[in-house]
Amino acid sequence: MKRQALRRLILLFSFLLLPITLFYLSPVLIIQGAASGIVTGSALVFLVVFLLSLIAGRVWCGWVCPFGALQDQVRDVQEKRVTNPWIDRFRYGLFLLWILLIFGLFLQSGGITSIEPDFSTTNGLSIAGPIQLVVYTVIIFGIAIIALIVGRRGMCHLLCPISVLMIVGRTIRNLIGLPALQLSADARDCISCARCTKVCPQSLDVLAMVQSGQMERVECILCGGCIDVCPNDVIRFDVGRPRVKGE
């Protein structure tokens with residue numbers, strides 16, 4: 001469980017930094033920048049996260065994302081699993097509209113005219129005045145309320161464009177067979193205790209994944225929770241190409 005303590009510590013640190021980093025994670029600022037032909041700091045962060053997903057899946061979501069940290073705290077109040085597929089489909093539709101809007105605005109503004117990593121920040125800070133503080137507070141409470149209503153990491157399932165970007169990256173990795181961080185399991189030692197499924201923050205049926213020999217899921221955030229609660233060390237991290245059943 002030392003790994004989970006470390007993960008929670010990293011997530012807490014990331015959340016505490018949010019008054020600085022908030023605008024570097026904003027999908028709205030990407031749209032605002034595109035309207036003026038500007039590549040914003042948030043656009044650069046989104047690009048880095050997408051590239052990371054090609055070799056490390058959704059590690060960002062499981063280990064770094066400050067919004068994930070907030071939702072994990074809400075989970076102590078709301079343990080509801082998210083199993084309705086329409087919740088995820090709504091996120092994909094919203095993501096498509098967001099991408100089309102960004103490209104359309106860049107075309108309308110004549111393409112990329114500048115790159116401004118500190119776009120809309122004050123000396124690099126996201127929260128530097130009363131208006132920004134109100135925006136920060138609304139976002140924090142909004143994400144918490146969504147998680148309370150929808151369930152575990154509800155914001156990730158319902159609205160988050162970064163999650164979709166990483167899913168696209170992971171899907172590309174799986175299609176081309178790129179070696180990457182992944183989960184593997186030996187079902188022969190599984191005792192079907194289902195602790196792995198119970199602990200999964202993404203509401204995945206990890207037990208079924210183990211028993212079927214199919215550990216790859218684009219919704220997996222590689223948090224390692226299922227590894228650390230397994231009494232027989234059935235699940236583990238490894239680095240390799242996508243595994244198929246029987247390997």
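Every number here is computed from the coordinates shown, using simple stated rules; none is lab data. As the structure is a prediction and not an experimental result, all values here were calculated from the model. Neighbour counts are summed over all protein chains in view; Cβ atoms, including those assigned to glycine, are modelled from backbone coordinates with ideal geometry.
Residues to consider are Ala43, Ala69; find the one that is surrounded by 14 or more Cβ atoms within 10 Å (Cβ to Cβ), closer than 15 Å to His157 by Cα and of a type in the set (Gly, Ala, Ser).
So the residue among Ala43, Ala69 that is surrounded by 14 or more Cβ atoms within 10 Å (Cβ to Cβ), closer than 15 Å to His157 by Cα and of a type in the set (Gly, Ala, Ser) is Ala69.
Quick one: which helices (runs of 4 or more DSSP H) sit completely within the stretch 1-56 and have at least 2 residues that are under 14 Å from the mean Cα position of the chain (by Cα)?
Fully inside the stretch 1-56 and qualifying: 2-16, 41-56.
Within the stretch 204-213, take every residue that is among the hydrophobic types (A, V, I, L, M, F, W, C) and surrounded by 15 or more Cβ atoms within 10 Å (Cβ to Cβ) and give me the one that is farthest from Arg152 (Cα to Cα).
Among residues in the stretch 204-213 that are among the hydrophobic types (A, V, I, L, M, F, W, C) and surrounded by 15 or more Cβ atoms within 10 Å (Cβ to Cβ), the one farthest from Arg152 (Cα to Cα) is Val210.
Being within 15 Å of Ile221 (Cα to Cα) and either assigned to a loop (DSSP other than H, G, I, E, B) or touching a residue at least 24 places away in the same chain (Cβ under 8 Å) (or both) narrows it down to one residue among Val82, Val77; which is it?
After applying the criteria, what remains is Val82.
Per-residue answers, yes or no, for (1) within 20 Å of the chain's Cα centre (by Cα); (2) within 19 Å of Gly154 (Cα to Cα); (3) aromatic (Phe, Trp, Tyr):
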residue	(1), (2), (3)
Ile172	yes, no, no
Leu183	yes, no, no
Ser192	no, no, no
Gln202	yes, yes, no
Met215	yes, no, no
Cys220	yes, yes, no
Asp233	no, no, no
